[in-house]
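Below is one structure, written out as structure tokens, with a few remarks after it.
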Amino acid sequence: MNPFPFVDPIPLPAPVWLFKALHLLTLSLHFVAMQTFLGGLFLAVLFHVTGASNVLRKGAGAALARRLPILITFVINLGVPPLLFTQVLYGPFLYTSSELIGLYWFAVIFLVMGTYWLLYRFADASDKGRCAWWMGALAWVMVLFISKIYSTNMTLMLRPEVWPAMYAASPGGAHFPPHDPTFLPRWAFMLTGAFWVAGFWLIWIAGRKTTELSLGRYLAGFGGRLAAVMIVAQVGLFYAVLSAQPAVVRDGIAASLWLKGAAVAWCAGAVLVFVFSAWAAATKTCSYAAGYIALLLAVVTLAAWAILRDGIRDLTLASKGFDVWQQTVVTNWNVVGWFVLTLVLGLVALGWLLYVMMRAKPVAEGGMS
Ligand code: HEM
């Protein structure tokens, strides 16, 4: 039996490059939010566990816990668009792998709902000074599992050769895939990234007007130290991710200016992240500017990674006979035009909402009183 799915008979309604551009843009933003959330939730729990006798850690835990329910909305809303674009470009692959781990893939919905509920309880209990760390810890375990399911699916969709055996073993989608040497480095790479990005989140919060100076200096120092250590660990995993790829993918990256550029951009980003983190750790700077530099560095570095992992997917699938660029395209410019218009209007509305939020009267925080 040929496990390779037939190409979708319905042509793509817009050029591949447009879908790719939108996919990479939205996925980079999903990665920024998701990594901030994954690492930030862990830190919130850590600060709660260790904060009983330390007023600064207590303040840090409260500052993070109260922001987490908002942050998860960004994770989810910024995850939906790239999911739609991935389905358009790689439908037969993603659908098949999703079904083969269907039980887990479906479970994501309930895990996200459960996480939401726990986060609100965590934030509320933290605000009222009640013991709350276990709710955050449970939420983190669930989020960790979600991340494992995502990495599993994104690697399984590249392995049509294991699909028939998986289906034979469990048509109900209750089995994880057999060993894949690329999975663990890739998942670990995403997890490590969550900690330096969360370190940057602390630097961001340190610079807010609402954050008391002593708490801000603690957050900037802690965030800078954490980010400096974790980016070094992630550089090691970057190497591991690339080494785990088959030779055809490694050669493909080496032969592509675009992908080599993304790899170099990621490495340059990592160096800048390290230098900036070390500076933040040493100076404990609390400023808007430092927060925006942190945000910019995170977006650029994660965008470089999004491009590279997209290239790894295309090269892997090309080695198995599917070229994403060779799909039939019949562009419906009318629909594309309406799409761009609504996108621009949506961005304007979002900008206005952010403007209103920024101008809202600040409420002092710090958990110091
Ligand atoms: C707290 C919840 C979530 C976590 C922890 C999470 C984590 C992850 C991780 C680790 C990856 C990278 C997988 C890899 O490349 O190895 C990923 C990719 C992705 N996530 Fe999320 N995610 C979450 C929620 C969501 C939601 C709710 C959606 C959409 C509705 C979503 C959409 C995506 C998409 C589309 C990709 C990449 C697809 C591609 O490769 O093109 N995520 N996510």
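The values are calculated or read from the model by the stated rules, or taken from the named source; none is laboratory data. Worth saying up front: this structure is predicted, and the values here are computed from it rather than measured. Here Cβ is always computed from backbone atoms with ideal geometry, including for glycine, and neighbour counts include all displayed protein chains. Keep in mind that these areas ignore ligands, DNA and RNA; they rest on the heavy atoms of the full protein, side chains included. Shrake-Rupley method; radii C 1.70, N 1.55, O 1.52, S 1.80 Å.
Evaluated against (1) surrounded by fewer than 20 Cβ atoms within 10 Å (Cβ to Cβ); (2) under 21 Å from the mean Cα position of the chain (by Cα), Ala168 falls short on exactly one condition, (2). Of all residue pairs spaced 6 or more apart or on separate chains, those with beta-carbon atoms under 7 Å, a first member in the stretch 25-49 that is without any contact (Cβ under 8 Å) to a residue 24 or more places away in the chain and a second member that is buried (at least 24 other Cβ atoms within 10 Å of the Cβ) and in a helix (DSSP H, G or I) are Phe47/Ala60; Phe47/Gly61; Phe47/Leu64. If you scan the stretch 50-81, which residues turn out to be touching a residue at least 40 places away in the same chain (Cβ under 8 Å) and aliphatic (A, V, I, L, M)? Listed by number, the residues that qualify are Val55, Leu56, Ala60, Ala62, Ala63, Leu64, Ala65, Leu68, Ile72, Val75, Leu78. Pick from Ala123, Ala132, Ala137, Ala174: which is without any contact (Cβ under 8 Å) to a residue 60 or more places away in the chain and among the small types (Gly, Ala, Ser)? The match here is Ala123.
Need at least 3 residues that are away from the ligand (no atom under 13 Å from the Cβ) and small (Gly, Ala, Ser) per element, so show me which helices (runs of 4 or more DSSP H) inside the stretch 1-110 make the cut, counting only ones lying wholly within it.
Values: elements: 16-50, 55-77, 80-100.
Passing ranges, in order: 55-77.
Pairing residues of the stretch 279-304 that are on the phi > 0 side of the Ramachandran plot with residues that are surrounded by fewer than 19 Cβ atoms within 10 Å (Cβ to Cβ), at Cβ distances under 8 Å and at least 6 apart in sequence or on separate chains, gives Lys284/Arg217. So, Gly173, is that one on the phi > 0 side of the Ramachandran plot, open to solvent by less than 20 Å² (accessible area, probe 1.4 Å) and either within 16 Å of the ligand (Cβ to nearest atom) or not in a helix (DSSP H, G or I) (or both) or not? So Gly173 fits the description; yes.
On the basis of being open to solvent by 40 Å² or more (accessible area, probe 1.4 Å) and in contact with a helix residue (DSSP H, G or I) (Cβ under 6 Å, 6 or more places away or on another chain), does Val232 make the cut? For Val232, the condition - open to solvent by 40 Å² or more (accessible area, probe 1.4 Å) and in contact with a helix residue (DSSP H, G or I) (Cβ under 6 Å, 6 or more places away or on another chain) - is not met.
Of all residues in the stretch 180-208, those being hydrophobic (A, V, I, L, M, F, W, C), within 14 Å of the ligand (Cβ to nearest atom) and in contact with a helix residue (DSSP H, G or I) (Cβ under 6 Å, 6 or more places away or on another chain) number 8.
Taking helices (runs of 4 or more DSSP H) that fall entirely within the stretch 253-369, which contain at least 2 residues that are within 16 Å of the ligand (Cβ to nearest atom), within 25 Å of Val32 (Cα to Cα) and open to solvent by 70 Å² or more (accessible area, probe 1.4 Å)?
Working: elements: 257-283, 288-319, 333-359.
In the stretch 253-369, there are no helices (runs of 4 or more DSSP H) which contain 2 or more residues that are within 16 Å of the ligand (Cβ to nearest atom), within 25 Å of Val32 (Cα to Cα) and open to solvent by 70 Å² or more (accessible area, probe 1.4 Å).
Out of the stretch 282-297, which residues are of a type in the set (A, V, I, L, M, F, W, C) and either modelled with pLDDT under 95 or more than 15 Å from Trp201 (Cβ to Cβ) (or both)?
Narrowing the stretch 282-297 to residues of a type in the set (A, V, I, L, M, F, W, C): 282, 286, 289-290, 293-297.
Hits for the stretch 282-297 are Ala282, Ala289.
Report, by residue number, each residue of the stretch 111-156 that is within 11 Å of the ligand (Cβ to nearest atom) and open to solvent by 70 Å² or more (accessible area, probe 1.4 Å). Residues satisfying the conditions are Met113, Phe145, Tyr150.
Of all residues in the stretch 71-106, those satisfying the criterion of being over 25 Å from Pro15 (Cα atoms) and either open to solvent by 30 Å² or more (accessible area, probe 1.4 Å) or among the basic types (Lys, Arg) (or both) are Thr73, Phe74, Ile76, Glu99, Leu103, Tyr104, Trp105, Phe106.
Taking Ala220 as the residue in question, decide whether it is assigned to a helix (DSSP H, G or I) and within 16 Å of the ligand (Cβ to nearest atom). Even if it seems obvious, please write down each step before you answer.
Numbers: assigned to a helix (DSSP H, G or I): yes; within 16 Å of the ligand (Cβ to nearest atom): no.
For Ala220, the condition - assigned to a helix (DSSP H, G or I) and within 16 Å of the ligand (Cβ to nearest atom) - is not met.
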